[in-house]
Amino acid sequence: MIKGPKAILSSAISNALSEYFIIDPSTNIESNLLHDAKIVLRHVQLKPQQSIIPLGTNDNDDDDDGFTDTATTIATTTGSVDKVVFSWTWSVGYGSGGDTGEWIRDALLLLRGPSLNAV
């Protein structure tokens with residue numbers, strides 16, 4: 001199946017954001033590339049993200065191995081975002097030399113209504 005520019009760009013942005021969000025391209029994505037130059041994702045879940053947080057260091061152990069022990073904890077962040085807006089300005093013919101080799105400029109990522117939990 002041949003995809004048009006709108007579907008290709010929506011799919012590329014969806015794939016880029018899928019590292020952090022659970023996205024269903026058939027239901028979560030709104031776009032109007034001709035008028036607005038933006039992609040809107042609605043009601044998306046965050047993928048669980050784990051972070052290792054150092055709590056402090058000491059060398060008070062009994063094994064006398066010469067190494068400093070570092071206490072850590074693992075935090076998992078989950079949640080959702082009501083609205084993710086990725087917008088830009090088309091860059092066709094922009095600049096003094098005409099073609100800059102860039103398709104978009106002034107890109108902006110906006111998150112509205114985040115609900116985060118960290119455990």
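Structure notes:
- Other residues with beta-carbon under 10 Å from the beta-carbon of residue 84 carry, at +1 per Lys or Arg and -1 per Asp or Glu, a net charge of +2.
- Other-chain or far-sequence residues with amide H under 5 Å of residue 21's (modelled H): 47
- Vicinal HN-Hα couplings computed from phi for region 49-56 (Karplus, 6.51 cos²θ - 1.76 cosθ + 1.60; Hz; Gly/Pro x): 10, 9, 10, 9, 10, x, 9, x
- Residues whose amide H falls under 5 Å from that of residue 37, counting only those 5 or more places apart or on a different chain, are 32, with hydrogens built in the peptide plane.
- Database remark: amide H of residue 91 closer than 5 angstrom to the amide H of 104, 105 (H placed geometrically; neighbours at sequence offset of 5 or more, or on other chains; Pro and chain starts carry no H).
- Karplus-derived HN-Hα couplings along region 74-82 (A = 6.51, B = -1.76, C = 1.60, θ = phi - 60°), whole Hz, x at Gly and Pro: 10, 10, 10, 9, 9, x, 8, 9, 5
- Gain on full stretching of the segment that runs from residue 30 to residue 83 - 0.36 nm per residue minus C-alpha separation: 18.0 nm
Read-outs throughout are calculated quantities, based only on the coordinates presented, and are distinct from any laboratory measurement. What you are looking at is a predicted structure, and each value in this text was computed from that prediction instead of being measured. Glycine gets a Cβ as well: all are built from the backbone with ideal geometry, and neighbour counts include every protein chain shown.
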